[in-house]
Amino acid sequence: MTTTLRIVLERPLDGPGADLGEAARELARGLVATAPSGCDVEAIVPAGADDPSGLVPGLRVAPAPALARRELVTAWQLGLPTGVGGGLIHAPSLAAPLIRHDRVNDHDQTVVTMWDLDAWEHPGDIARATVVRERALLKRAVRHADAVVVPTHAMAERLVDIARLGDRIRVIAGAPAEGFRVPSDEVGRRRSLGLPEGFVLLSGSARASDRLAIGFAAIVAARADLPVVVIDGPEGEEPHIAELAAAAGVAEGRLHVRPALDVHDRGAVLGGAVAFLAPAAGSAFPWRLGEALRAGVPVAAIDTPVHREVLAEGGLLAADVDELAGALSQALGSAAAAERLAVLAADRGRAFSWLGAAERVWQLHADL
């Protein structure tokens, strides 16, 4: 008898939330690759969505529900029947058929995932509809989820204060894509993006929780006379990010803002970076920090519980702007210092793997 684990793939691989779509696809690949004997993996996708089996060889696709993504997630948010439920279900987000089920007698399981707590920590930074949806889905998870997966112990500690989940919280970290690397055509890709060589890299938007202003201030305080590149700047926010940079004292012409990039272009950008700064606050999993570690880029981050856990000994932590400036100066101070930090970053980057995450997901469902 075959045991089927169904994974919810409801997010697109581009546009808003692309990191979560990419994470879901990578987890699905890992689940297929690490499936125990007698087990297989099946995808739950909304009506009209692309068939994911082409991106994930070996993945079967369940019969599609009658609802497209927006309607399907809304129905799950409200607890309405969608024809999806029963068996072993793993959702790489909060969006899942969170309904009453019997884990003991029917062996039904539903596990969901949270990658950030923005709807609780930074509600003013995201759309009101997103806040309402995430909070409603968490309420249903409290009632019906058999486990809630988060990527860090730091986030687990924060979630305990937000929702009454008891011992149902599990920690399974995310990772860069299994094939993530600096591509062989990195120079050409950076030229196509209009980027210089040898820059300090940040990631984020103009929203307060991304704290780009702290990163810009640290660069100025460190007297790092280098270009500054910001990726993941949402379309239309370039002027606002430029204002933050100018207010911090970044000289005109040094700033380059680019939107969310695909995995190959991100690898190319990291290949041209001399340092990566991570000034953000909050509990969200730091996707770009993980990629910087994998690429062996020297990293300096503001000391937060999440950064402390993810970075560990792989880079430099700083309590404030002045310490972040000092960390950046240290990273740029000599070739030997840069090489040492690059080695530490690459060593730490190897700790994160989707294959390892998938093995822990299988073990979680076996434990349940």
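The values are calculated or read from the model by the stated rules, or taken from the named source; none is laboratory data. Please read all numbers here as calculations on a predicted model, not as lab measurements. Reconstructed Cβ throughout: ideal geometry from the backbone, glycine too, with neighbour counts over all protein chains shown.
Observations on the structure shown:
- Test: residue in the stretch 166-188 that is free of Cβ contacts under 8 Å to residues at least 60 places away in the same chain, surrounded by fewer than 16 Cβ atoms within 10 Å (Cβ to Cβ) and of a type in the set (Lys, Arg): no
- Of the listed requirements (1) closer than 25 Å to LEU368 by Cβ; (2) touching a residue at least 40 places away in the same chain (Cβ under 8 Å); (3) surrounded by fewer than 20 Cβ atoms within 10 Å (Cβ to Cβ), ARG69 misses just one: (1).
- Every residue from the stretch 30-67 that is of a type outside the set (Val, Ile, Thr), in a loop (DSSP other than H, G, I, E, B), in contact with a helix residue (DSSP H, G or I) (Cβ under 9 Å, 6 or more places away or on another chain) and under 17 Å from THR3 (Cβ atoms): ALA35, PRO36, GLY58, LEU59
- Residues of the stretch 322-343 that turn out to be more than 13 Å from ALA224 (Cβ to Cβ) and either in a helix (DSSP H, G or I) or not polar (S, T, N, Q) (or both), as a count: 10
- Qualifying residue in the stretch 198-209 (condition: touching a residue at least 40 places away in the same chain (Cβ under 8 Å), in a helix (DSSP H, G or I) and under 23 Å from the mean Cα position of the chain (by Cα)): yes
- Qualifying residue in the stretch 132-148 (condition: at pLDDT 95 or above, surrounded by 17 or more Cβ atoms within 10 Å (Cβ to Cβ) and assigned to a strand (DSSP E or B)): yes
- Search result, residues across the stretch 116-132 that are in contact (Cβ under 8 Å) with a residue 24 or more places away in the chain and over 19 Å from the mean Cα position of the chain (by Cα): GLY124
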